[in-house]
Amino acid sequence: MTYKLSHEAFLLFRDFQLWYEDQKRDERLLGASDAYMTAFGKIEGLTGRLALMFHVIENPFSQTVSVALMERVIEVIRGYVVPTYRYTLGEMSAVTTFDTWVTEYIIQHCDVPTIKMSDIKQSARRPLAGVNIQTATQRVVDAMYVLEQSQWVHRMDDRTKENQGIAEWAINPALAVTFAEYRKDVIRAKQRMNEQMVETSKGKMRLMYAYGAEILDAE
């Protein structure tokens with residue numbers, strides 16, 4: 001058998017492909033791990049394979065894949081597959097180096113005149129998870145030293161309290177100008193990501209409610 005999408009299903013899949021391209025750009029902008037991006041790059045093909053599998057299970061003698069089936073497949077991909085990839089290969093992955101994380105952190109906070117080690121540690125709870133206090137302090141100092149050499153930041157204290165986790169840097173104000181558009185793009189990408197997470201949660205609740213209703217009907 002040769003199966004084809006109905007006209008409506010094809011248009012829906014094209015909309016999904018446009019979402020995928022926009023999402024891929026946002027994921028890269030937000031520093032998604034290489035492992036996550038590799039998996040995410042196969043989403044289009046996975047969507048097609050799931051559509052074929054569902055169709056063969058439900059209606060194998062029809063050569064046309066319906067828009068209703070494609071809607072369900074896309075909901076599975078966006079509501080379950082992508083969030084699962086993000087959790088297992090993104091948030092739980094330590095692929096991105098701490099130096100890269102600190103660089104991105106400084107870019108996103110370059111509109112303030114100074115930054116303290118305590119501020120960086122507070123925001124770096126996830127990338128520094130499982131690291132003891134002394135090691136965490138040294139990682140921050142090492143990462144910031146690289147930025148000092150690039151004249152992104154300037155060490156303000158005399159380093160005498162560094163072993164106590166106390167340090168402060170002045171941020172080069174030119175960074176706010178250099179990375180103005182990039183910071184706006186990142187902020188917009190984060191907003192879109194948050195909106196999608198909210199929508200995904202609502203979708204899961206709708207499916208759980210529908211599934212519960214089916215169980216009650218069966219009983």
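The values are calculated or read from the model by the stated rules, or taken from the named source; none is laboratory data. Small disclaimer: the values here were computed from a predicted structure and weren't measured. We place every Cβ from the backbone using ideal geometry, glycine too, and count neighbours over all the protein chains shown.
Worth a mention:
- Candidates Lys24, Lys42, filtered to the one that is within 30 Å of Asp185 (Cβ to Cβ), loosely packed, with under 13 Cβ neighbours inside 10 Å and within 18 Å of the chain's Cα centre (by Cα): Lys42
A quick yes/no check of all residues on (1) at pLDDT below 85; (2) in a helix (DSSP H, G or I); (3) surrounded by 13 or more Cβ atoms within 10 Å (Cβ to Cβ):
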| residue | (1), (2), (3) |
| --- | --- |
| Val140 | no, yes, yes |
| Met144 | no, yes, yes |
| Arg159 | no, no, no |
| Ile166 | no, no, yes |
| Glu195 | yes, yes, no |
| Glu199 | yes, yes, no |
| Gly203 | yes, yes, yes |
| Ala213 | yes, yes, no |
| Leu216 | yes, yes, no |
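- Residues satisfying the stated conditions in the range 5-37, i.e. at pLDDT below 80 and small (Gly, Ala, Ser): Gly31, Ala32, Ser33
- Residue check, Ile120 within 19 Å of the chain's Cα centre (by Cα), surrounded by 18 or more Cβ atoms within 10 Å (Cβ to Cβ), assigned to a helix (DSSP H, G or I) and not basic (Lys, Arg): no
- All positions within the range 146-156 that are of a type outside the set (Ser, Thr, Tyr) and modelled with pLDDT under 90: Val146, Leu147, Gln149, Gln151, Trp152
- Scanning the range 1-52 for residues that are farther than 20 Å from Gln196 by Cβ and of a type in the set (A, V, I, L, M) gives Met1, Leu5, Ala9, Leu11, Ala35, Ala51, Leu52.
- Close contacts from the range 112-130, counting a first residue that is in contact (Cβ under 8 Å) with a residue 60 or more places away in the chain and assigned by TED's automatic domain parsing to the domain that holds Ala167 and a second that is of a type outside the set (Asp, Glu) and not in a loop (DSSP other than H, G, I, E, B), with Cβ to Cβ under 8 Å and a gap of 6+ residues or different chains, come to Pro113/Ala170; Pro113/Ile171.
- Number of positions in the range 28-67 that are within 17 Å of Thr88 (Cβ to Cβ) and assigned to a helix (DSSP H, G or I): 9
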